[in-house]
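The structure under discussion appears below in the form of structure tokens.
Rule-based calculations on the coordinates, nothing more; no lab input. As the structure is a computational prediction, the values presented were derived from the model and not from experiment. Here Cβ is always computed from backbone atoms with ideal geometry, including for glycine, and neighbour counts include all displayed protein chains.
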Amino acid sequence: MPAPGLLTASGLEAAAPALAGLLLDAVRGGASVGFPAGLTPEAATAWWRGRAPAVAEGRLLVWSAGEPGRPTGTVSLALEQLPNGAHRAEVSKLLVHSGARGRGLGRALLAVAERAAAAHDRTLLLLDTETGSGAEHLYRSAGWTPLGTVPGYATDPGGTLRGSTFFFKHLTATDA
């Protein structure tokens with residue numbers, strides 16, 4: 001499995017159609033990742049391209065894993081910009097293509113984001129995921145601490161309200 005590559009803003013723009021395929025695969029599989037079942041390839045591509053300014057400004061880091069033009073996974077790390085939050089970041093959009101699951105890619109992507117956060121002097125990471133999902137099991141097994149569950153926090157692609165479990169993880173200098 002090739003190591004996930006960090007995307008530049010222009011790299012993200014170029015990879016947006018392929019990353020849109022990952023997002024569409026997740027939505028079609030019922031993942032509660034912020035988008036309804038009717039998500040189109042064009043809208044998914046536009047969403048990824050809309051992240052490019054944050055990448056260019058260094059507020060968002062995005063990795064892609066897999067062959068160029070055929071990603072099998074991605075993860076993003078949003079670096080908090082407020083002065084009182086310069087020690088924290090949020091992991092988001094950890095997506096693994098349904099055909100590539102069960103091979104450790106999700107865990108590898110999560111580890112990349114954790115190492116990058118530590119390298120950016122972030123000692124507290126946050127994330128949320130649908131309660132009861134496979135991703136919840138991944139985060140628990142990777143040493144993340146559940147903070148709590150909010151019932152009806154977000155809808156799944158079909159529009160049904162689902163609970164979200166929020167997690168945190170403290171990092172040390174050795175995590176970098």
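When only DSSP loop residues count, what trypsin sites (Lys or Arg not before Pro) in the stretch 1-85 have their Cβ near at most 15 other Cβ atoms within 10 Å?
Passing sites in the stretch 1-85 are ARG59.
³J(HN,Hα) across the stretch 99-110 via Karplus (A = 6.51, B = -1.76, C = 1.60, θ = phi - 60°), whole Hz, x for Gly/Pro?
x, 10, 6, x, 10, x, 5, x, 5, 5, 5, 4
Mind running the shape call on the stretch 1-101? Use the C-alpha gyration tensor, a ≥ b ≥ c as the square roots of the eigenvalues: rounded below 1.5 for a/c, prolate if a/b tops b/c, oblate otherwise.
Verdict is prolate for the stretch 1-101.
Relative to the Cα centre, what is the charge dipole magnitude of the stretch 5-175, using +1 at the beta carbon of each Lys and Arg, -1 at the beta carbon of each Asp and Glu, and rounding to the nearest 20 debye?
Rounded to the nearest 20 debye, it is 240 debye.
Please say if the stretch 53-140 is rounded, prolate or oblate, where rounded means a/c under 1.5 for a ≥ b ≥ c the square roots of the C-alpha gyration tensor eigenvalues, and otherwise the choice is prolate for a/b larger than b/c and oblate otherwise?
Oblate, because a/c is 1.5 or more while a/b does not exceed b/c.
Report the net charge of residues surrounding GLY163, where surrounding means a beta-carbon distance below 11 angstrom and charges are Lys +1, Arg +1, Asp -1, Glu -1.
-3
Counting Lys +1, Arg +1, Asp -1, Glu -1, what net charge surrounds ALA108 among other residues with beta carbon under 13 Å of its beta carbon?
+3
Around THR149, with a cut-off of 11 angstrom between Cβ atoms, what is the net charge of the other residues, counting Lys and Arg +1 and Asp and Glu -1?
-2
Let me have the relative contact order for the stretch 5-175, percent, based on Cα pairs under 8 Å that are six or more residues apart.
21
Residue-wise, which Karplus ³J(HN,Hα) couplings in Hz belong to the stretch 44-50, taking 6.51 cos²θ - 1.76 cosθ + 1.60, θ = phi - 60°, and x for glycine or proline?
Karplus values, whole Hz, x for Gly and Pro: 5, 5, 4, 4, 4, 5, x.
At 222 nm, what helix-only mean residue ellipticity would the chain give, in deg cm²/dmol to the nearest 500, using -39500 (n - 2.57) for each DSSP H run of four or more?
It comes out at -10000 deg cm²/dmol, rounded to the nearest 500.
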